[in-house]
Structure formats: C-alpha cells, structure tokens
Amino acid sequence: MDATFREALLTAPDEGFSLWATGDRASPECEQLVAIAESLPLPTLVAAHAALASAASAAEPVWRELGAAGVTVGAFLGVTSSLMASSDADVAATAAAIYLAGARCAGAVPFGVLNPMAAFELSKAVRTEAFTRLRGAEAAPPAKSAGRKRAKPAANEDCDSDEEGGFGGSARAETRALVARELVLLLEQVPLRAHSEVLAQLVAALVGAAVSSAHGGRRAARAGKACGGHFEALSLCLRPEHGEPGATAPLVMRSLLPHLSLSPSGGSGSAAAGKEAIAAQAACVDFVVSAAAAAAPAEGSPAD
C-alpha cells in the first residue's frame, strides 16, 4: 500500500462512510472525508492503485496487514467514495480502480470491502463519468466556449487537441480503460453469488458505461476500446459463480432494454444524437447475440 494513501486512511473517520452513504454530506465526518480526498494528488492515487493491483496479483494479505495497522473498512470505503464523487474525471476513475483492486485483494470479503453501498458509489462514478463525456460531446459547441479554463497539460502529458465532454487526451482514455480492466479482473477472480446487490450495481454501471462509450463521437476508436471492455465485463456477470444465469440474465436484459428499443429513457431524443443512439443499439444487439451464442449448447451436444 502506498504510504501516503495509508496515512490518509488512518486519519479518516470510521463512521464517515455510513453517513456518506445515507446522504448526510454536511456532517463533520463527511466534510473530513472530502478534505482528505482533496489532499491526495493524482500521482498518489495512481501509486495506491498500482500497489493494490500488485498485491491482488500476488495474493498478499493486504487487508489483514492494514487492519492490524489500524485501518478500518469504513475509512477505506469513505475515502474511496469521496474520491469517486470528485468532479475531476481522472480522480474519480482512478478512485474507482483503487476500490476494485482493493476488492480483489486477499481478505477483502471478510474485511467488508464488497459493500452494496460502496458498489452503488462505484456505479454512480462509472456512469457519471461516462455520461458526462457523452452529454458534453453532444452539447459542446465547435467554438471555444466560456467557462472554467482547462488546466495546461504537463510537458509529459499525452493530450489531444480535441475534447469530448471536457475530458481529453489518451492518458484519460487509458484511465477509463483501466477501470474497465479492473471490472473484468474483479468478475474473473471474485465470486459474487453471495453479493447479489453488489452484482446488480455492477451491471447497471457496466451497461451505462458501455452504451456511453458506444456512442463514440470524435474518439470512436478509443470509445470502442472502452466499450469492448465494459461489454466483456458484462458478459462475465452471467457466469454461474456470480449467481444462477437464469436470474442474472433478466437483470442484464432489463438494463439493456431501453437501449435495444431506442426508447426515450435509453438515449437522447434529439435528431443529432440519432446516429449515436443507433450505434449504441447496435453494440447492445451484438452483445446479446454473442451472449446467446455463448449460452447455446455446442453443435453435436445432446439437447436438454
């Protein structure tokens, strides 16, 4: 665990997350969580994610060690939830990756990391970040608009000249792809059969993010990469270790239905968004077809 991030967890109030989850953001504990989140620079968050991802790969007893050091699950969930609520897309996405990597680490389940309310905060972060990019791409005028100026990129920051929803650059595209990869890894490595509420939040997040990415816009290639990762993770939700497929499949289909039917709740009603909505519909259809093909018995196998 990154030392700076560990120290932040040690100073976070244990009861802050429960207040955050109930919406009491004006409480002193929640204000403390926000202050802690704002004090953590992005490089620290990137380092924290790298450390947790490495520990997850090595099956290191991270949560046992952190618990022995005085870190509580409430502190971890509170700090990551506050970070995921950040208006900075890079911070929110990296915090989501931190939470997901932490959920993959040995001992995460008994420690309480797979918390339904934390999964809800994750779902909001993934969908908000994705749909903010989408809405911004639809609404942004071609000319430079007034408002908060974009920070000048560092000399080593890979950044494009065009923007999509205020978030530009391949570095940020990679951050979004990182979250998709973490979602895939979580669903590959951690059975969620006993955590149906967590799974439901992940399905909602994945459908929202995948459909948003499928709209493409001026970064169709990058959007396609993220979209593919989200749909890959969504297909993993149908594995039996996450619950009976007969129960999980309807959950996934209900989330996809507005986008399959192009209903008003599934996309923008403007004519300008028509082609993008159709592209999203096509991506959803492709997913359903591939999922059905995967579920079908192999040719030559005995019929049920």
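The values are calculated or read from the model by the stated rules, or taken from the named source; none is laboratory data. Fair warning: this is a prediction, and the values are worked out from it, not measured in the lab. Methodologically, a virtual Cβ is constructed for each residue, glycine included, from the backbone with ideal geometry; neighbour enumeration extends over all protein chains shown. Protein only, heavy atoms only, side chains kept; ligands, DNA and RNA dropped before computing areas. Shrake-Rupley method; radii C 1.70, N 1.55, O 1.52, S 1.80 Å.
Does ALA47 satisfy being surrounded by fewer than 22 Cβ atoms within 10 Å (Cβ to Cβ), in a helix (DSSP H, G or I) and within 21 Å of the chain's Cα centre (by Cα)? Taking the combined requirement at face value, the residue satisfies it. Going through (1) within 13 Å of the chain's Cα centre (by Cα); (2) over 19 Å from VAL46 (Cβ atoms) one by one, PHE111 falls short only on (1).
Restricting attention to segment 52-72, the residues that are among the aliphatic types (A, V, I, L, M), crowded, with 20+ Cβ neighbours inside 10 Å and not in a loop (DSSP other than H, G, I, E, B) add up to 6. Going residue by residue through segment 23-39, is there one that turns out to be open to solvent by less than 60 Å² (accessible area, probe 1.4 Å), farther than 18 Å from LYS124 by Cα and more than 23 Å from the chain's Cα centre (by Cα)? There is at least one residue in segment 23-39 that is open to solvent by less than 60 Å² (accessible area, probe 1.4 Å), farther than 18 Å from LYS124 by Cα and more than 23 Å from the chain's Cα centre (by Cα). Looking at this structure, is SER86 farther than 19 Å from ALA3 by Cα and over 15 Å from the mean Cα position of the chain (by Cα)? Answer is no for this residue.
For (1) over 28 Å from SER235 (Cα atoms); (2) of a type in the set (Lys, Arg); (3) at pLDDT 85 or above; (4) touching a Cys at 6+ places or on another chain (Cβ under 8 Å), each residue gets a yes or a no:
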| position | (1), (2), (3), (4) |
| --- | --- |
| GLY168 | yes, no, no, yes |
| THR175 | no, no, no, no |
| GLU182 | no, no, yes, no |
| LEU185 | no, no, yes, no |
